[in-house]
Structure formats: C-alpha cells, structure tokens
Amino acid sequence: MIQNATILTVTKGTVKGSILFRDGKIVEIGEKVTAPAGAKVIDGTGKFVMPGIIDCHSHIATEAVNEGTASVTSMVGIEDTIDPDAIGIYRALAGGVTTANILHGSANAIGGKNQVIKMRWGQNAEGLKFQGAMPGIKFALGENPKRAGSAQ
C-alpha cells in the first residue's frame, strides 16, 4: 500500500491519498484507504504516483530492426531480435514506461510481426513478452521504403 501520495489518475483527476494493491493489482484508490493487517506500507508524502506509460511505437532493445531483403517480409518476427540486457529497457522503466510495442524499421513496405513487451529488467527475452497482447505487423507506406538503400 502507498499512503499520503499525490495520485495522478487517467480518468478521475488528482487524488491525495492512498493506493491499495492485492496480488500486484490496484484494488482501491482514495483519500482514506485502510491498510489491511500485515500490509507493507510505503509513505508517499511529497511523491507523485501515476499510471505507467505505454510506448506504442518503439524499437527499444533491438539491433536488427530493418529486414532489407525484400519489400514484403511478413514472415519475420521482431521477437527474434529482442535483447533483454539492452540498457534502454532499464532507462525506459526508470522514466515510467512500463509497456512497449516493438516494431521493425521502415526500410520496406511490410517489415514483419511486432512484439509487445513489459519492462521487466532482469528477465530473459521470453519473460519480457506481454502475454495475451494482440499480435500486429509493421507497415511503412510512403517515403521511408522509397528511400531505403538509396544515398540520402
């Protein structure tokens, strides 16, 4: 439980009060929330709490983001290039990013399958995957695919 914090909600404005968690999920937010017996209590006085940031278009933790062998490479998946030790994961988490949609680059029209990850520093690549996230594919129509491979 976090008590005495300034809580920045998405839909209910700002609340000065407490957040109660159970099994890693928020179960109550309010000005006066009672801590259950045995609960770990964190004093949030002078601190702000807000929901995690979701990065909907990211290339974090990847090295090979462009599949330049063909215009359509829908058979490849970015999950094969995720580096769980990339320092960018640690930095993103420190900045409030909790989830990211990892996409291929824009060198070709259809770059491949995405992978949604949760920022879980210390996990392996499989442990970063956001279970149940909808699959997607990268499309890059317009100027980027036309420029790829040319002198810029």
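Treating only the Cα positions of the chain as identical point scatterers, give the base-10 log of I(q)/I(0) from the Debye formula at each q in 0.09, 0.15 Å⁻¹.
Evaluating at q = 0.09, 0.15 Å⁻¹ gives log10 I(q)/I(0) of -0.42, -0.85.
Find the relative contact order for the chain and round it to a whole percent, using C-alpha pairs within less than 8 Å whose residues are 6+ positions apart. Let's see the in-between values first.
On the way: 313 pairs, mean separation 28.3, N = 152.
About 19 percent, as a whole number.
To the nearest 0.05, what FRET efficiency results for LYS32 and VAL10 with a Förster distance of 35 Å applied to their C-beta separation?
Result of the calculation: an efficiency of 0.95.
Report ³J(HN,Hα) in whole Hz for each residue of the range 20-30, in order, from the Karplus equation J = 6.51 cos²θ - 1.76 cosθ + 1.60 where θ = phi - 60°; Gly and Pro get x.
In residue order, the calculated couplings are 10, 10, 9, 6, x, 10, 6, 10, 7, 10, x Hz.
Can you give the calculated 222 nm mean residue ellipticity of the chain, where each DSSP H run of n ≥ 4 adds -39,500 (n - 2.57) and the sum is split over every residue, rounded to the nearest 500 deg cm²/dmol?
-2500 deg cm²/dmol
For the range 29-70, which whole percent of the accessible surface, found with a 1.4 angstrom probe, sits on carbon and sulfur atoms? Mind dumping the intermediate values first?
Working: 1800 of 3150 Å².
Carbon plus sulfur share of accessible area: 57 percent.
Give me Rg over Rh for the range 46-90, both radii from the alpha carbons and Rh done the Kirkwood way, two decimal places. Mind dumping the intermediate values first?
On the way: Rg = 15.3 Å, Rh = 13.3 Å.
Taking Rh as the inverse mean 1/r over Cα pairs, Rg/Rh reads 1.15.
Around VAL76, which amide H atoms from residues at least 5 apart in sequence, or from another chain, sit under 5 Å from its own amide H, with H modelled in the peptide plane?
Answer set, sorted by chain and number: LYS113.
Taking the Cα-to-Cβ direction at VAL41 and at ASN124 and moving 7 Å from each Cα, how far apart do the two end points lie in nm?
Taking the two extended label points, one gets 4.1 nm.
Any idea which of VAL72, GLY127, LEU20 is furthest toward the positive side of the dipole for the chain, if Lys and Arg beta-carbons carry +1 and Asp and Glu beta-carbons -1?
Final value for the positive-end residue is LEU20.
Give the calculated FRET efficiency between PHE48 and ASP83 to the nearest 0.05, with a Förster radius of 22 Å applied to their Cβ-Cβ distance. Could the numbers behind the result be given before it?
Values: r = 31 Å, r/R0 = 1.41.
Once the sixth-power term is evaluated, E becomes 0.10.
Could you name the lysines whose alpha carbon sits less than 30 Å from that of LYS138, not counting residues in the same chain fewer than 8 places away?
Reachable lysines: LYS113, LYS118, LYS129, LYS146.
Show me, bin by bin at 5 Å from 0, the whole-percent P(r) of the range 49-128 based on Cα pairs.
3, 17, 27, 23, 14, 10, 5, 1, 0, 0
With every protein chain left in place, what is the accessible area per residue of the chain in square angstrom, probe 1.4 Å? Intermediate values should be presented prior to the final figure.
Values: 9650 Å² over 152 residues.
In whole numbers, the chain has 63 Å² accessible per residue.
Counting alpha carbon pairs within less than 8 Å and at least 6 residues apart, what relative contact order, in whole percent, applies to the range 13-59?
Numbers: 29 pairs, mean separation 11.4, N = 47.
Rounded, it is 24 percent for the range 13-59.
The values are calculated or read from the model by the stated rules, or taken from the named source; none is laboratory data. Computed from a prediction, not measured in an experiment: that's the story for all the values here. Virtual Cβ from ideal backbone geometry, glycine too; neighbours counted across all protein chains shown. These area figures cover heavy atoms from the full protein model, side chains too; ligands, DNA and RNA do not enter into them. Shrake-Rupley method; radii C 1.70, N 1.55, O 1.52, S 1.80 Å.
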